[in-house]
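A short reminder: the numbers here are calculations on the coordinates, not readings from a lab. These numbers come from a predicted model, not from an experiment. Note: ideal-geometry Cβ built from the backbone for every residue, glycine included; neighbour counts use all protein chains shown.
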């Protein structure tokens, strides 16, 4: 499973979906268009979905209001699993998700509308494994993460991971994670736990920032969250796979596929294949994939996408790219 996901990410790079110029050093692809306001656009935009993307959607909303001061933006982030039903029931205009929709969720959407939702990919995230800033451990393997977090092994101590510091060696590892409604939970389970179930001892948190806050105050704990939630009170471990080199969660290693916990972020929209999007939603999407929109992605701690991805996704919802 893990090897397959790495190959998919690497294949995306080779296909031109991601380029070093776009995300290798955290740069904005120079081919992206600068956003300019359209005329006669007004109304309300509501987003329901991923907690991981809650702040990102809010920042995009604030940028949108710079161009359209009369617009109203509402963002609700309670987990990726809340996005599909909100779109199906017409409660949201955008459904941000930190994982792809499951086939069952797509099937329910199709049963209601007769066509599939459009998956936009406006950013790239890397999940990090966080420990307290004083923790002597600096790296961990996927195989060790499976043992630490999953039911495949007993509860572990820091000594089980090779920590010899007497103040840490015999201490049990406290575990923090997201709840099952979160796409981050599902992604970490599929990759870091290699599909196995979580231990019952994992303290499930309602949001990504809560995971990091818990680790910051729980000295002997470990948990996972998006890199954008890092603070000075925690540190991110380097991660290795199958005995390879342990690498940090940076844009460079996400770009090459060497960092195993990298993923696209998604925003789903209900785009009628005949009529496309209404002007308000179309302009919001164009903003997300503009230079300003991708600067927001960087500001929020994620990695920007290439102009190639932007063109493909704009076309997918009926928007003709102007770059």
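Each residue in the stretch 181-237 was checked for being outside any helix (DSSP H, G or I), in contact with a strand residue (DSSP E or B) (Cβ under 7 Å, 6 or more places away or on another chain) and free of Cβ contacts under 8 Å to residues at least 60 places away in the same chain, and 10 pass. Annotation: of all residues in the stretch 65-81 being under 23 Å from the mean Cα position of the chain (by Cα) and surrounded by fewer than 21 Cβ atoms within 10 Å (Cβ to Cβ), the one that is nearest to residue 186 (Cα to Cα) is 78. Which one is surrounded by the most Cβ atoms within 10 Å (Cβ to Cβ) among residues in the stretch 89-107 that are under 18 Å from residue 278 (Cα atoms) and touching a strand residue (DSSP E or B) at 6+ places or on another chain (Cβ under 9 Å)? Top of the filtered list is 95. I'd like to verify a number: residues in the stretch 279-302 that are part of a loop (DSSP other than H, G, I, E, B) and free of Cβ contacts under 8 Å to residues at least 40 places away in the same chain, how many? Residues flagged as part of a loop (DSSP other than H, G, I, E, B) and free of Cβ contacts under 8 Å to residues at least 40 places away in the same chain within the stretch 279-302 amount to 0. Evaluating residue 38 against the criteria (1) surrounded by fewer than 20 Cβ atoms within 10 Å (Cβ to Cβ); (2) under 19 Å from the mean Cα position of the chain (by Cα) leaves one unmet condition, (2). Candidates in the stretch 82-107 are the residues that are in contact with a helix residue (DSSP H, G or I) (Cβ under 6 Å, 6 or more places away or on another chain) and free of Cβ contacts under 8 Å to residues at least 60 places away in the same chain; of these, the one that is farthest from residue 285 (Cα to Cα) is 105.
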